[in-house]
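Asker: I'd like to ask you about the structure that follows.
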Amino acid sequence: MMDDREQELRRDDLADDPLRQFATWFDRACAEDLPLPQACALATVSRDGRPSARMVLLKDASSDGGFVFATSYISRKGRDLAETGRAALLFYWHPFGRQVRVEGLVEPVSPEESDAIFLARPRDSRISALASRQSERLETREELEARVRELEAELEGQQVERPEFWGGYRLVPEEIEFWQHRENRLHIRFVYRRDGDGWRIDQLQP
């Protein structure tokens, strides 16, 4: 694996569109077989200002939309998103000394896109999604596992379809920062901010 931790990052190296720049870094992380390069921290906030963060998996990132992830609509993050419609993502690829920070508005993806994301999951993961009332209080682990066994028996030989309470979200970025590690802590930071129909790129102090 190549060590990029001291690699210079210059303004001239950056794509004009941050999603294309993200694709360059993300594809590199995938090519080097980093463990779960699509893993990212999702931060949300409730209507009364309570922040919350957890790890999710990126499902798609395209220049015509944004960053897609999926979850239960009734989970804590689902409730936060329904209340505020805003979120942030953080990607961190330690071997390369790189971070990408994304902030913006969040919207549900189409039912068809949610169906495709759900059906791409392994069958046992789909059954788990049906069984779990994510973020709600659980009396015992046995109760949840019994529910899984019931669904496995009920759906034997059938397609496990997406439940109405589960689906994808798209974070439409307003700001994306690219961060490159430097050993002397003078890290290199460039941020893209929406500017009309395009993007303005500024360099930030570390």
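We did not get these values from a lab; they are worked out from the coordinates using the rules stated. Keep in mind that what you see is a predicted model, and the values were worked out from it rather than measured. Counting neighbours? That spans all protein chains shown, and the Cβs are built from the backbone with ideal geometry, glycine included.
Asker: What does the convex hull of the Cα atoms of region 18-107 come to per residue, in Å³, rounded to a whole number?
Answerer: Expressed per residue, the convex hull around the Cα atoms of region 18-107 is 94 Å³.
Asker: Based only on Cα atoms, what mean projected area does the convex hull of region 150-206 have, in nm²? Walk me through the numbers before you get to the answer.
Answerer: Details: hull surface 34.7 nm².
Mean projected area for region 150-206: 8.7 nm², to one decimal.
Asker: Over all directions, the average projected area of the alpha-carbon convex hull for the chain comes to how many nm²? Provide the component values of the computation, followed by the final result.
Answerer: Numbers: hull surface 56.4 nm².
Mean shadow area of the hull around the Cα atoms is 14.1 nm².
Asker: Explain nothing, just the number: dipole magnitude of the chain about its Cα centre with +1 on each Lys and Arg Cβ and -1 on each Asp and Glu Cβ, in debye rounded to the nearest 20. Present the calculation step by step, with values, prior to reporting the outcome.
Answerer: Details: 31 positive and 40 negative charges, 142 e Å.
The calculated dipole for the chain is roughly 680 debye.
Asker: For the chain, modelled as a Gaussian network with Cα springs under 10 Å, which listed residue fluctuates most, 182, 170, 149?
Answerer: Among 182, 170, 149, the largest mean-square fluctuation in the Gaussian network model of the chain belongs to 149.
Asker: Something else about it: Of 77, 59, how do they rank once you tally other Cβ atoms within 10 Å and put the fewest first?
Answerer: 59, 77
Asker: For the chain, what's the relative contact order in percent, using C-alpha pairs closer than 8 Å and at least 6 residues apart?
Answerer: 24 percent
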